[in-house]
Amino acid sequence: GEEHDRRLRILEAPPYAIVGKVATIRVQIDDLGPDPDRGATAELRVHRAGGPDTARSVAVGEPQTLEVPIDHAGPTLIELEAAPLPGEVSDVNNRATLRINGVRDKLRVLLISGAPNQGERVWRRLLKADPSVELVHFTILRPPDKDDLTPLSELALIQFPVRTLFQDKIDQFDLIILDQFDDSTRLPDAYLANIADFVRQGGGLLMTAGPEFIGPGSLQDTPLGDILPVHVPVDGGLHEQRLVPELTELGRRHPVTADLPGVTPSGTDWGPWYRELLGQTPREGSETLMSGPTPEGGRTPLLVLDHVEQGRVAMLLSDQIWLWSRGEGGGGPQAELLRRLSHWLMKEPQLDEEQLDAAITDGTLTVTRRS
């Protein structure tokens, strides 16, 4: 008998699309063979990784426009399939697979420094140099409970817009960084609870902690403490001596810290820090990537990551990473580490612990898993 064949073609597909928007794809289904039905329709199914399958009836032989939502950064794998034609010999060309990379228009980062410090300069340089980041930065110049008679006009450039940042517009940010920040009468619990909810609903939070974390107004004693992966005892929680951060076994595999410059088979050749917090056992399910020495000769967590419902949290239990940028003892990979850390918190797929990658070569789909 005479052979009939149905073919699905991708006419146009963008390599990139903005996260939160749709990617517009043009396809066409053709029925090949003698005397094709000019008014025929066919079911076109669309499968998007991580999303629901959809199906629609389309006219055969005419270009069709599809709009596919892109809801995360990184690659989105899309499979298209035309329903088979009755009696066709093979349906291998009824399917087509494509990959569209989701890119963010801008990542909005809120950086709050609890006091002027060396570390905030490292953060500013890093985030200002990243073209994908829009940075909003505030430094607390004087706590509200401290009165040194300095006129306000000489102290503050602008008033700290607490309500605007932590209530009205908090959902406009992708990442909040609290740099050596305590809560000595600065933020009502309701605003700190808003930050915790911001994380639970999908935001990122990074905390760099120093001595203020175990002093009066510690954030671990506020509603924010409920989402932090590590708590530090007030008594004996501060350890001040020369130390060199090391990667844990997990840290050597995790994409945030794996293959950082200066990592050696036996440790690291990074420069020293001189202060760390001695955290208690991290929350179950969290990931300790870096550690430091304890006075007793053991190890204590230095960098801990955690997933909190839909969001992510990272804690750096030292305020000394800025020493690397100054070249102390040879320095260290502070720029690359902080870049990876901030992008992991903002859910960059290339930094996920569990990752599926797909590639199409000569018509063969290859899926690679990293865990």
Notebook entry, point to check: Is it the case that the stretch 85-95 has a residue that's modelled with pLDDT of 90 or more and assigned to a strand (DSSP E or B)?
Noted result: yes
Check: Looking at the stretch 312-330, is at least one residue surrounded by 17 or more Cβ atoms within 10 Å (Cβ to Cβ), under 30 Å from residue 172 (Cβ atoms) and of a type in the set (Val, Ile, Thr)?
Finding: yes
Note to self: Show the residue pairs meeting these rules: Cβ distance below 9 Å; 6+ apart or different chains; first residue within the stretch 216-243 and farther than 15 Å from residue 308 by Cβ and free of Cβ contacts under 8 Å to residues at least 12 places away in the same chain; second residue among the β-branched types (Val, Ile, Thr) and surrounded by fewer than 18 Cβ atoms within 10 Å (Cβ to Cβ).
What the structure shows: none
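Is it true that some residue in the stretch 32-52 is part of a strand (DSSP E or B), of a type in the set (Gly, Ala, Ser) and closer than 30 Å to residue 323 by Cα? Break it down into steps so the answer makes sense when it comes.
Our first condition is that a residue be part of a strand (DSSP E or B); within the stretch 32-52, this holds for 32, 41-48.
Retained after the next criterion (residues that are of a type in the set (Gly, Ala, Ser)): 42.
Remaining after also requiring closer than 30 Å to residue 323 by Cα: none.
Among the residues of the stretch 32-52, not one is part of a strand (DSSP E or B), of a type in the set (Gly, Ala, Ser) and closer than 30 Å to residue 323 by Cα, which makes the answer no.
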Item checked: Evaluation of residue 275 against (1) over 21 Å from residue 120 (Cβ atoms); (2) over 26 Å from the mean Cα position of the chain (by Cα) (one fails), failing number -> (1)
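From the list 49, 73, 82, exactly one residue is under 37 Å from the mean Cα position of the chain (by Cα), at pLDDT 85 or above and either surrounded by fewer than 16 Cβ atoms within 10 Å (Cβ to Cβ) or among the hydrophobic types (A, V, I, L, M, F, W, C) (or both). Which is it? Before the answer, list the steps.
Values: 49 fails: at pLDDT 85 or above; 73 fails: at pLDDT 85 or above.
Result of the check over 49, 73, 82: 82.
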Next item on the list: Please specify each residue of the stretch 55-77 satisfying the condition of being assigned to a strand (DSSP E or B) and of a type in the set (A, V, I, L, M, F, W, C).
Entry: 55, 58, 59, 66, 68, 77
Item checked: Selection status of residue 244, modelled with pLDDT of 90 or more, under 18 Å from residue 323 (Cβ atoms) and either among the β-branched types (Val, Ile, Thr) or not assigned by TED's automatic domain parsing to the domain that holds residue 309 (or both) -> yes
Note to self: Among (1) in contact (Cβ under 8 Å) with a residue 60 or more places away in the chain; (2) loosely packed, with under 13 Cβ neighbours inside 10 Å, there is one condition residue 256 misses while meeting the rest; what is its number?
What the structure shows: (2)
Note to self: Considering only the stretch 26-34, I want to know if a residue exists there that is in contact (Cβ under 8 Å) with a residue 24 or more places away in the chain and exposed (fewer than 13 other Cβ atoms within 10 Å of the Cβ).
What the structure shows: yes
Check: If you go through the stretch 102-120 one residue at a time, do you hit one that is under 30 Å from residue 7 (Cβ atoms) and surrounded by 15 or more Cβ atoms within 10 Å (Cβ to Cβ)?
Finding: yes
Notebook entry, point to check: Taking residue 351 and the conditions (1) buried (at least 16 other Cβ atoms within 10 Å of the Cβ); (2) over 12 Å from the mean Cα position of the chain (by Cα); (3) modelled with pLDDT under 90; (4) not polar (S, T, N, Q), which numbered condition does it fall short on, given that it satisfies the others?
Noted result: (2)
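The values are calculated or read from the model by the stated rules, or taken from the named source; none is laboratory data. Keep in mind the model is a prediction, meaning the values are calculated, not measured. Cβ: placed from backbone, ideal geometry, glycine included. Neighbour counts: every protein chain shown.
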